[in-house]
Structures are given as C-alpha cells and as structure tokens.
Amino acid sequence: MTLLAKPWIWAWGAAALTFALTIGLTSGRGAGELAYAALSFGAFAAIVGLGQMLVITLGPGNVDLSIPATMTLAATLALKAMGSMPGTALLGLAIALAVGFGAGLTNYLLILLLRLPPIIATLAASLIYQSLAIWSNRGLRIKPPEALADFATGRFFGVPNVAWVGLGLAVLVWIALERSVWGRWLLATGQNMRAARLAGVPVERVRASTYLAVSVFAGLAGYLLASFSGGAALNMGAEYLLMSIAVVVIGGTSIAGGNSNVPGVWGAALFMFLVISMLNSYGAAAGLKNVLTGAIVIAIVIAASTRKGRK
Amino acid sequence: MKISTMLIGVASLALCAGGALAGSHLANTADKRIALSNNYAGNSWRQAMLQSWEEMGAAAVADGVVAAADAYTTSESQATEQAAQIQNLILQGYDAIVINAASPTALNGAVKEACDAGVVVVSFDGIVTEPCAWRIAVDFKAMGKSEVEYLATRLPDGGNLLEIRGLAGVFVDDEISAGIHEGVAENDQFEIVGSVHGDWAQDVAQKAVAGILPSLPEIVGVVTQGGDGYGAAQAFKAAGRPTPLIVLGNRQDEMQWWADQRDANGYETLSLSIAPGVSTLAFWVAQQVLAGDEVPKDLTVPFLKITQDTLDETLASTPEGSVANVTYSLEDAQQVIAGAK
C-alpha cells in the first residue's frame with residue numbers, strides 16, 4: 001500500500017508493462033537491446049525533464065519553453081567550437097554549459113525585469129536562441145570529436161554512459177530537493193509564493209537558480225544528444241518541448257507546483273520511449289499511434305493524481 | 001589541359017550567350033522585382049535552399065537580370081502567418097512571388113489576391129493548388145517507388161524491409177510512402193516488416209529505429225525519405241546488427257558514411273533527394289513568366305540522384321554538414337519548361 005501511494009509507481013509500472021508487451025511480441029528475444037535503447041534515449045528526456053520539473057515545482061505559470069532552442073544553440077556552438085578536433089571535449093562541454101547558463105540568465109531577467117509571464121518570456125527568448133543557432137552555423141552538421149562520440153554512444157557496466165550521466169544528475173537533484181535548504185525553499189515557493197516570501201524565503205533567488213538550472217540541463221542534454229547522434233541539427237530539440245513537460249506530469253510531479261518527484265521523471269522518460277517502440281513494433285499507423293499515446297498518458301496522469309487525492 | 005579547359009570554358013560561355021540571345025525575343029525584366037516567401041528555415045535543407053537563392057539572386061541583380069530578389073521567411077511555419085506575409089509582399093509591389101508553401105490549400109486566398117493584383121506566383125516544393133499559380137512539383141511518389149526498384153535490382157531475392165517515414169500528417173510523407181508501398185506491391189519478393197516515423201531528422205530516426213529493431217527479424221534493406229539514413233545506420237550499429245542496404249537522402253554526413261563504408265567493405269547504395277537549389281529553378285521560371293514566355297502551369301523538378309560513380313565528386317562539392325546541391329541556371333529552367341510543353 002505504501003508503495004502504491006508513491007506517485008512515481010505509475011510511470012514505472014507503465015514502463016514495465018510496455019516493455020513486457022513489446023518483448024512478448026518477440027517471445028523474449030531482444031530484451032537486452034530494447035532496455036539498452038530505452039536507457040540511452042530515455043536519458044536525454046530525463047535530463048531535460050529534471051530541469052523542467054524544478055521549474056514546474058515553482059508553481060502555476062512557471063514553465064520553460066526555451067528548452068529545445070537552448071539545446072540546439074548549446075549543441076551548435078559547442079560542436080562548432082570543437083570542430084571535430086580531438087581533445088576538445090571539455091571545451092565543448094564548458095561552452096554548452098555556458099550557453100545554458102546564459103540562456104537561463106536571459107530567461108530569468110526577461111521574467112524579472114519586464115515582468116513577462118514565464119511562458120511568454122521563454123517562448124520569445126527561444127526564437128532568439130533558435131535564430132542565433134541558425135545564424136551561427138546555418139544548420140551545417142559538424143561531427144563531434146571521435147573520443148566524445150565514442151563516449152556518448154559507449155557503455156559502462158552494461159549501462160549507456162549517457163544514462164549514467166542522467167542517473168547521476170537525478171541523484172544530485174534528489175539530494176538538492178530532499179536534503180538541502182534550497183530544496184525546502186523551492187517547495188515552499190511552489191506551494192505559496194507569498195507565504196514563502198513572508199516566511200523569509202529568498203523567493204527571487206530560488207526562482208533565478210531554478211531557471212538557471214533548467215537551461216544548464218538543457219545545454220548539457222543538447223551537448224550529449226549532438227555527440228550521440230553525430231552532430232547538431234537545427235531541429236534536434238523539437239521533440240523535447242512537449243517531452244520535457246510530459247515526463248514531469250507522467251512522473252507524478254504536481255502540475256500546480258510545490259511537489260516534485262525525481263524517480264518518476266526517469267520512469268516516465270523510459271515509458272515515453274517504450275510506448276512508441278511498442279506501438280511501432282505492433283505496426284500501429286501514425287494516427288492511431290498518436291491517439292493511443294495520448295490516451296495512455298492521460299490514463300497514467302489520472303491514476304497518479306487520484307491516488308494523491310485519496311491520501 | 002589548361003588550353004582544353006579554357007576551350008571548354010569559352011564554349012560554355014558561348015552557349016550561355018546563345019541561351020541568353022535565344023531568350024532575347026522576350027521582354028526585358030531588369031526593372032522587375034521577385035520575392036521568395038518561405039515558411040520554414042529550421043533544417044539544413046532549407047538553409048541550403050535559402051543560401052542558393054541568395055547567391056543566385058545577388059548574381060542576377062548584379063547582372064541586371066532583375067532589380068531585386070529578396071527572401072522572406074516566416075518564423076512559426078504557420079499558414080496564416082505566410083498568408084499575411086504574401087499580402088505584405090503584394091503591397092510592397094513585387095512583380096513576382098516565389099513560394100515554398102506551408103500548406104497546399106490554406107494559402108490559396110492570399111495567392112488569388114496576388115494573381116488578381118497582377119503578381120506572378122510560382123510555388124515549388126511545398127506547392128499551392130490555386131489554379132492561377134505555377135507549380136514546380138516534385139513527383140514524391142515516383143521517388144519512393146524508385147527506391148524499391150533500385151533495391152529490386154540489388155537484392156533480387158528480396159527480403160524484409162524497414163521503412164522510415166517523415167513527419168506524420170504531412171503531404172510529402174504520405175506521397176513518398178505511397179510510392180514505396182506501390183513499389184513493394186509490384187516487387188512482392190519484398191515485405192515491409194516495420195515502419196517508423198523519423199521526422200526527416202537523424203536523431204529522431206535513430207531513436208525510432210533503435211526502438212523497433214529488437215522486435216524485427218533480419219532486415220535486408222531500409223527505405224527512407226531523406227535526412228534519416230545516417231541515424232538508421234547508427235541504430236543498426238548500436239544494436240550490433242549487420243548494416244542493411246540503406247537508401248540515403250543526399251546529406252553530407254550520409255554520403256561521408258557511405259564513402260567510409262565503401263572504402264572499408266565495398267558498401268554500395270543509392271542516394272536521392274531534391275536539390276535545395278530548386279529555389280533557383282523557381283526563380284528562373286518566375287523570371288521567364290515575367291519576360292512573357294508561355295510557361296505551362298505544372299512543371300516537375302528532376303531528382304538529384306547520387307550513385308556509386310558520382311559519390312566522390314558530389315561529396316567533394318558538398319560543404320561539410322550540408323546537403324548535395326545544384327544551382328539551376330536559366331538554361332536548366334528553359335529545358336524544364338520545354339519538357340513540359
């Protein structure tokens with residue numbers, strides 16, 4: 001019962017079920033392959049999802065829509081600077097993280113100084129980031145340095161390296177949320193910003209650090225994804241806009257803010273990959289695939305939220 | 001060698017001059033202004049398309065062929081936004097508008113307004129159905145079918161195919177896929193055992209293929225839509241499966257991969273797509289219409305096919321990370337027009 005009360009159990013349960021259904025089709029063959037692919041591709045969704053989760057925890061109206069553009073810009077500039085040359089991987093990483101930091105700072109300043117709603121501010125800023133990415137390299141795909149590409153596609157103890165990064169980040173975020181003062185501040189701000197401010201929580205510092213974190217995560221995800229798939233492309237971030245929000249909601253984090261759930265983000269990230277793989281494996285047509293994905297997502301969200309209601 | 005190249009140069013110059021002279025019974029277009037209305041710029045193909053237009057447009061203005069050749073791109077790829085853009089271009093007094101449309105039907109109202117205002121409208125790639133406009137269309141169905149026909153020549157015994165489709169719900173995706181399925185129906189030694197949407201992007205295709213591969217039997221060939229072949233190859237490699245025959249789509253990273261594989265193990269395949277420079281073909285068609293030539297309303301763009309023999313040459317002329325391209329000339333446009341008459 002206590003296990004069933006955990007909001008993340010639904011995402012993990014759904015991921016396990018879709019995994020079993022897909023493997024059932026091949027009577028067990030390819031289970032390892034599928035798990036490995038799910039961990040690889042789930043990692044990117046999990047990294048951006050963790051960032052989006054922090055922002056959504058800030059309370060109603062807080063969401064970062066500039067994630068795809070930040071990913072694209074960070075990856076484009078990092079790969080251009082590395083220019084496929086060996087030994088530049090750390091330089092590229094620094095650039096990607098710096099771009100993420102800059103984007104986060106811009107987003108937050110737009111929200112703070114112009115008093116724009118975060119949805120508008122991040123959407124408008126994302127047009128600028130995307131244009132910068134286009135302008136800086138006109139969509140040319142530059143290959144990552146060989147060693148970096150090997151790292152991004154490689155494995156360690158049978159688990160993809162990118163998944164290790166994603167898992168490490170999840171642990172960090174979990175510690176920050178559950179075991180640090182900052183985490184308490186974030187949750188308090190999300191539950192009631194005014195009350196938190198009156199209680200002496202430095203609300204603006206919390207907001208600033210959250211918007212910085214999500215963009216830095218997006219920069220990291222862009223860097224890893226470009227290294228993984230052989231170069232940055234202008235449309236590489238597109239699917240991570242809805243994905244980042246979906247994994248947060250499916251993972252059991254409250255969309256109204258003030259309540260986050262780290263394990264759920266990973267469960268949902270695996271599920272989002274596995275459900276498409278399952279529908280593809282069963283040969284569902286595109287329209288049906290979208291309808292089914294939507295229906296399953298709604299079902300999980302309802303299941304996870306009614307549980308919370310009964311608590 | 002020097003002299004012979006020079007001679008060829010002189011000969012081609014003479015041919016060009018001849019072509020220009022042949023066109024000289026037509027009206028002068030030196031004071032005409034042509035605009036490009038483009039709905040999307042967010043991938044390497046569209047970037048190359050815009051670059052071709054800019055380079056060729058600048059040359060055409062410098063040579064006094066036209067007075068202006070400006071490019072405009074909408075930011076959100078919405079049909080409503082592009083319709084408003086076309087209305088602006090009419091007000092700005094352009095003589096011709098070349099369109100890569102967001103939708104085949106949603107712009108018809110704006111296109112009709114342009115025609116009524118005496119503006120020549122030429123649509124290409126993303127065409128419009130409004131009868132008053134010219135259409136430079138791609139036979140996407142034939143493109144899909146020719147992929148299967150190529151596979152049939154290479155794999156006479158047939159086998160299982162994996163189909164990578166484009167963006168769900170887009171007309172181009174339906175057409176190419178229909179052509180592929182038609183080809184498979186005629187070559188029944190093949191069977192499509194899996195189909196995924198790769199959204200014409202390497203990373204999306206890689207993800208989708210990695211997800212479906214564990215449930216698939218042995219795959220002999222992969223039919224694609226362009227921009228997805230490299231991602232598919234990566235997914236097969238990551239799964240530790242033998243690389244099947246993947247039909248490619250003219251992207252530089254795909255061709256580089258092909259060349260590497262060929263050098264390593266004699267890999268052979270075919271690559272085909274539409275050259276982004278088709279925007280320049282549309283420019284010359286618009287110019288010819290403005291000059292008073294009788295141009296049929298429906299024209300077809302030739303595919304740019306890359307084979308084992310032309311791989312090295314094409315690879316050398318394609319900028320790293322871009323897509324194989326051709327810039328069309330006035331003569332090319334005249335040929336396409338003559339072919340349709």
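Tabulated values for the structure
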{"read-out": "All helices (runs of 4 or more DSSP H) inside the stretch A:50-145 with 2 or more residues being surrounded by fewer than 23 Cβ atoms within 10 Å (Cβ to Cβ) and in contact (Cβ under 8 Å) with a residue 60 or more places away in the chain", "value": "A:89-113, A:118-137"}
{"read-out": "Residue match in the stretch B:181-192 (condition: within 13 Å of chain A (Cβ to nearest Cβ) and touching a residue at least 40 places away in the same chain (Cβ under 8 Å))", "value": "no"}
{"read-out": "All positions within the stretch B:1-51 that are in a helix (DSSP H, G or I), at pLDDT 50 or above and within 19 Å of residue B:337 (Cβ to Cβ)", "value": "B:25"}
{"read-out": "Residues (polar (S, T, N, Q) and either more than 14 Å from residue A:279 (Cα to Cα) or in a loop (DSSP other than H, G, I, E, B) (or both)) located in the stretch A:7-42", "value": "A:26, A:27, A:40"}
{"read-out": "Pairs, first of a type in the set (D, E, K, R) in the stretch A:175-201, second surrounded by 11 or more Cβ atoms within 10 Å (Cβ to Cβ), C-beta under 8 Å, six or more apart", "value": "A:197/A:203"}
{"read-out": "Residue in the stretch B:199-212 that is away from every other protein chain (no Cβ under 14 Å) and not in a helix (DSSP H, G or I) present", "value": "no"}
{"read-out": "Qualifying residue in the stretch B:260-278 (condition: within 28 Å of residue B:36 (Cβ to Cβ), more than 14 Å from every other protein chain (Cβ to nearest Cβ), in contact (Cβ under 8 Å) with a residue 24 or more places away in the chain and assigned to a helix (DSSP H, G or I))", "value": "yes"}
{"read-out": "Residue A:225 being over 20 Å from residue A:171 (Cα atoms), of a type outside the set (S, T, N, Q), touching a residue at least 24 places away in the same chain (Cβ under 8 Å) and touching a Phe, Trp or Tyr at 6+ places or on another chain (Cβ under 6 Å)", "value": "yes"}
{"read-out": "Residue A:13 being over 19 Å from the mean Cα position of the chain (by Cα) and surrounded by fewer than 24 Cβ atoms within 10 Å (Cβ to Cβ)", "value": "yes"}
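A quick yes/no check of all residues on (1) modelled with pLDDT under 90; (2) within 30 Å of residue B:194 (Cβ to Cβ); (3) within 14 Å of chain B (Cβ to nearest Cβ):
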site: A:182; (1), (2), (3): no, no, no
site: A:191; (1), (2), (3): no, no, no
site: A:230; (1), (2), (3): yes, yes, yes
site: A:235; (1), (2), (3): yes, yes, yes
site: A:250; (1), (2), (3): yes, yes, no
site: A:260; (1), (2), (3): yes, no, no
site: A:266; (1), (2), (3): no, yes, no
site: A:282; (1), (2), (3): yes, yes, yes
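The values are calculated or read from the model by the stated rules, or taken from the named source; none is laboratory data. In this text the structure is predicted, and so the values were computed from the model without any measurement. Counting neighbours? That spans all protein chains shown, and the Cβs are built from the backbone with ideal geometry, glycine included.
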